[in-house]
Amino acid sequence: MTQAAASPAGNPLAMERLDLIKTGAFIGGEWVGEPSGATFPVLNPADGSLIVEIADGGADLAKAAADAAAQAFVTWRHTTAKTRSSLLRAWFDLVIKHQDDLARLMAWEMGKPLAEAKGEVAYGAGYLEWFAEEAKRANGDVIPTPIAGRQMLAVREPLGVAAVITPWNFPVAMIARKFGPALAAGCTVVAKPAEDTPLSALALVQLAHEAGVPAGVINIVPASRARTPDIAQAWLDDGRVRKISFTGSTPVGKLLARGSADTLKRLSLELGGDAPFIVFEDADLDVAVDALMKAKFRNAGQACIAANRVLVHDSIYDAFAGKMADAVGRLTVGAAQDGAFDIGPLINQRALDKVERLVAEALAAGARVLVGGARHSSGGAFYQPTVLTDVPDHLRASCEEIFGPVLPLARFKTEDEAVALANDTAFGLAAYFCSKDQARVWRVAGRLEAGMVGINEGAISSEYAPFGGVKESGYGREGSVHGLAEYQSLKYICMGGLG
Ligand code: NAD
């Protein structure tokens, strides 16, 4: 097998290291092509132009990747924590060194503004740095024995081969957030990046290789959406794969949970969100506007923790809606390759169609447009930053993720009503509220059914903090002191006859 031959078309963001654009799968320390020669296109969402054709992996490559990972696990699991830590640190250093190029590549294939892409590379690298440090702190327990002459211990062991499947909206961070703890724990990895944004993930893997991560420890197989189920099935059926870490939509997460049942794999599922954002009557409105702009318009609203439903107290509704309309009206829209804009295109036509449909449904039900409300004149997959007001009651608790730059505002009158509406969803990833009342802050933080709560703050994610959801937003936590345990099992050791 050789790597699929292809070279990138154009270089609109002036990447320096074009050799970071990889077009094959990385298995057992080598870049290889799909045996059938099948490829699929990676497109620039800003104008639909082809970036490059890359290998369209299937079951054969998935199996080869699992073979390589299983073989590498035999030795990788016994490397010292210091070795794993140093390699992760070296990888972190290379990612930071190539921050600009990784950001350019991400902006090219994903469409987010360059400044945001740079921020994401730093944020993603933060997980590599964090888990380089945590690797050395995977302490076990010495348990006080109830029986004389015994010693009782609990030690942490790596689970085995971990299969990682990631979405397109944070193409670097989602990979780093999973590879970092997996490698730190002593697991080896097989991965399938999102079909819309595989190049960022492949470039990261190339840098891991350059950092000295041994052959077989990291394996990655790109695939089109049509071929992805074959890859997933190969890993689900493989008893050597002991862990699935998935970030993506709730329906696919459920498929993977069902498919893992036969081999009882451990699962981390970071799934869809439906974040409420509540503005109470005692909020500082400027703080609330700033928090909501961050919670809604970063990544053109294409974030699992993006504010999806904004509930504003009746007494401040008009003032707040006016301030939001001003702030959203100032957002600039354009392609990363054409300059520094606030909002890029949506990821593809399917995403644009969905946003259009949701806005049409809201307007048909009686909502009004304050700002935006239509496709953007840039064409392609661009949509105008939009504020909808007076979104009717039955849509206030709509559970559908907008995943676009559309902000629906609705009114409430009491704290109980706001909390009930916020919780009236199958999801429970992030929730936000703004208030200056300390008693309310503690009370409402406790009442919201969500894995993460932002209070007077809209940008809450950090490698220092546990990221994850409740309800149908999934289970498992990424980042923080809790993230490593997702890739470890505890072994209890009981020693007797010690006198
Ligand atoms: P998606 O579920 O369609 O795709 C995610 C990944 O799953 C992709 O790699 C895709 O190829 C793969 N996939 C698709 N069908 C599959 C199948 N049958 N078997 C195995 N894998 C399959 O999600 P998306 O639209 O690409 O991403 C957006 C979703 O991800 C949103 O719902 C968003 O909320 C969620 N998300 C969640 C988090 C989080 O941390 N909770 C973070 C980012 C995105």
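The values are calculated or read from the model by the stated rules, or taken from the named source; none is laboratory data. It should be emphasised that the depicted structure is a prediction, and the values quoted were computed from it without experimental measurement. All Cβ positions, glycine included, derive from the backbone under ideal geometry; neighbour counts span all protein chains shown. All accessible areas refer to the heavy atoms of the entire protein, side chains included, with ligands and DNA or RNA removed. Shrake-Rupley method; radii C 1.70, N 1.55, O 1.52, S 1.80 Å.
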The FRET efficiency for Asp286 and Lys354, from their Cβ-Cβ distance with R0 = 25 Å and rounded to 0.05, is 0.20
antiparallel share of DSSP beta bridges within the chain, to nearest 5, in %, is 40 percent
With a Förster distance of 56 angstrom and the Cβ-Cβ distance between Ala420 and Asp47, calculated FRET efficiency to the nearest 0.05 equals 0.80
How would you rank 117-127, 189-199, highest first, on the average number of other Cβ atoms within 10 Å across their residues?
189-199, 117-127
Relative to the present Cα-Cα distance, how much length would full extension add between Leu490 and Ala122 at 0.36 nm per residue of separation?
129.3 nm
What list of ³J(HN,Hα) values in whole Hz, one per residue of the stretch 171-177 in order, does the Karplus curve 6.51 cos²θ - 1.76 cosθ + 1.60 (θ = phi - 60°) give from phi, with Gly and Pro shown as x?
x, 8, 5, 5, 5, 5, 5
Cα point-scatterer Debye curve for the stretch 251-299, base-10 log of I(q)/I(0) at q = 0.17, 0.21, 0.24, 0.25 Å⁻¹:
-0.65, -0.77, -0.89, -0.94
Would you mind getting the accessible area per residue of the chain, heavy atoms of the protein chains only, 1.4 Å probe, in Å²?
38 Å²
What are the lysines whose alpha-carbon lies under 24 Å from the alpha-carbon of Lys254, with same-chain residues fewer than 8 places away excluded?
Lys63, Lys178, Lys192, Lys243, Lys265, Lys354, Lys471
For the stretch 263-268, what does the Karplus curve 6.51 cos²θ - 1.76 cosθ + 1.60, with θ = phi - 60°, yield as ³J(HN,Hα) per residue in whole Hz, taken in order and with x for Gly and Pro?
10, 6, 6, 6, 10, 10
Give the ranking of Ile27, Ile175, Ile455 by solvent-accessible surface, highest area first, calculated with a 1.4 Å probe.
Ile455, Ile27, Ile175
Roughly how tilted is helix 114-134, in degrees to the nearest 10 and between 0 and 90, from the longest Cα axis of the chain?
40 degrees
Most packed first (mean Cβ within 10 Å per residue), the peptides 144-154, 425-435 order as 425-435, 144-154
Percent of accessible area on the chain owned by carbon and sulfur, 1.4 Å probe?
54 percent
As a test of the formula, what do you get for the chain when each DSSP H run with n ≥ 4 contributes -39,500 (n - 2.57) and the sum is divided by the residue count, at 222 nm and rounded to the nearest 500 deg cm²/dmol?
-11500 deg cm²/dmol
Taking placed amide H atoms and a strict 5 Å upper bound, the residues 5 or more places from Asn308 or on another chain that come that close are Ala275, Phe277
Give the Kirkwood hydrodynamic radius (Å, one decimal) of the stretch 169-226, defined as one over the mean of 1/r across all pairs of different Cα atoms.
11.7 Å
Order these peptides, 84-90, 14-20, by their mean beta-carbon neighbour count within 10 angstrom, highest first.
84-90, 14-20
Which whole-angstrom value gives the distance between the alpha carbon centres of the stretch 149-227 and the stretch 64-81?
12 Å
What fraction of the Cα pairs in the chain, stated in percent, has a spacing above 30 angstrom?
48 percent
As I understand it, the value is the acute angle between the Cα axis of helix 285-297 and the longest principal axis of the Cα atoms of the chain; what does it come to in degrees, rounded to 10?
50 degrees
What number results when the radius of gyration of the stretch 47-177, computed over Cα atoms, is divided by 2.2 N^0.38 Å?
1.42
Relative to 2.2 N^0.38 Å, what does the C-alpha radius of gyration of the stretch 129-286 come to as a ratio? Two decimals please.
1.28
Sorted by chain and then number, the residues having a modelled amide H within less than 5 Å of the amide H of Ser268, at least 5 places away or on another chain, are Ile244, Ser245, Phe246
Tilt, helix 228-237 to longest principal axis of the chain (alpha-carbon atoms), in degrees rounded to tens, equals 50 degrees
